[in-house]
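Only one structure is covered here, and it is reproduced in the block below.
The values are calculated or read from the model by the stated rules, or taken from the named source; none is laboratory data. Since the structure is predicted, the reported quantities are computational estimates derived from the model, not experimental observations. So basically every Cβ, Gly included, is an ideal-geometry build from the backbone, and we count neighbours across all protein chains shown.
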Amino acid sequence: MRKKIWIILGIVFAVVLTSAVTYALTNPSTAQKHKPSDYKIGIKYEEAIKSRKPMLALFYVDWCGYCLKFMPKYKTISKIYKDKYNVVMLNAEDPANQALVEDVALSGFPTMYIIDPKYDNRILLNNAIYQDLKKLRVELDRYLRIRGMLDLVPVN
């Protein structure tokens with residue numbers, strides 16, 4: 001009888017353990033992300049371009065290891081600047097983004113631009129600062145200061 005109880009307890013333990021592992025691997029909040037598009041950061045480009053707020057646009061491709069490595073920092077940036085920038089992710093291989101990709105003439109990935117619809121302005125951010133959150137924030141804050149000064153200039 002004792003042997004049967006141990007076998008049943010073993011089976012119950014195995015089922016519970018298997019269920020817990022399966023849940024951890026399939027739950028989006030705990031599952032490891034294997035490509036940049038697994039991150040759902042920001043809003044759609046079409047929505048951001050209609051806004052008067054500047055946009056932080058990240059161009060990426062899913063096969064790029066540097067893009068994947070950068071995504072946690074981009075997620076942090078999106079949380080810090082959500083009230084000041086519209087944050088957008090654009091897959092450079094998506095046919096829907098082809099015209100914009102050709103227009104900005106990408107030379108590598110990831111590539112980040114500040115796109116400001118209000119002033120019809122685009123600024124390429126140097127990818128040498130992408131891994132240094134402090135330097136990246138300096139550049140983003142600098143643009144916001146300059147934009148603030150432009151907002152003070154009277155328009156005829």
Pick out the one residue from D62, D94 that is in contact with a helix residue (DSSP H, G or I) (Cβ under 7 Å, 6 or more places away or on another chain), more than 20 Å from P117 (Cβ to Cβ) and among the acidic types (D, E).
D62
Selected residue (criterion: surrounded by the most Cβ atoms within 10 Å (Cβ to Cβ)) from residues of region 62-114 that are of a type in the set (S, T, Y) and over 18 Å from K33 (Cα atoms)
Y85
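Select from region 28-48 the residues that are in a loop (DSSP other than H, G, I, E, B) and either touching a Cys at 6+ places or on another chain (Cβ under 9 Å) or of a type in the set (A, V, I, L, M) (or both) and write down the one among them that is farthest from G108 (Cα to Cα). Break it down stepwise before answering.
Our first condition is that a residue be in a loop (DSSP other than H, G, I, E, B); within region 28-48, this holds for 28-35, 39-42, 44.
If we keep only those that are either touching a Cys at 6+ places or on another chain (Cβ under 9 Å) or of a type in the set (A, V, I, L, M) (or both) too, we end up with 31, 35, 41.
Numbers: A31: 28, K35: 17, I41: 20 Å.
For region 28-48, the residue satisfying everything is A31.
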Identify all residues within region 49-60 that are crowded, with 21+ Cβ neighbours inside 10 Å and either outside the structural domain of R147 (by TED's automatic domain parsing) or aliphatic (A, V, I, L, M) (or both); write none if there are none.
M55, L56, A57, L58
For region 127-152, what are the residues that are closer than 16 Å to T111 by Cα and exposed (fewer than 11 other Cβ atoms within 10 Å of the Cβ)?
A128
Among the residues of region 35-54, count how many are farther than 23 Å from D141 by Cα and either in contact with a Phe, Trp or Tyr (Cβ under 6 Å, 6 or more places away or on another chain) or of a type in the set (F, W, Y) (or both).
2
Residues located in region 92-138, provided they are in contact with a Ser or Thr (Cβ under 9 Å, 6 or more places away or on another chain) and within 22 Å of R52 (Cα to Cα)
V104, P117, K118, L124, L125
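Select from region 123-156 the residues that are among the aliphatic types (A, V, I, L, M) and in contact with a helix residue (DSSP H, G or I) (Cβ under 7 Å, 6 or more places away or on another chain) and write down the one among them that is farthest from P72 (Cα to Cα). I'd like the intermediate steps shown before the answer.
At the first step, the residues of region 123-156 found to be among the aliphatic types (A, V, I, L, M) are 123-125, 128-129, 133, 136, 138, 140, 144, 146, 149-150, 152-153, 155.
This time we only want the ones that are in contact with a helix residue (DSSP H, G or I) (Cβ under 7 Å, 6 or more places away or on another chain), so: 123, 125, 129, 133, 136.
Values: I123: 22, L125: 18, I129: 15, L133: 11, L136: 14 Å.
Restricting to residues being among the aliphatic types (A, V, I, L, M) and in contact with a helix residue (DSSP H, G or I) (Cβ under 7 Å, 6 or more places away or on another chain), the top hit is I123.
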Out of region 74-89, which residues are out of contact with any helix residue (DSSP H, G or I) (no Cβ under 6 Å at 6 or more places or on another chain) and hydrophobic (A, V, I, L, M, F, W, C)?
I77, I80, M89
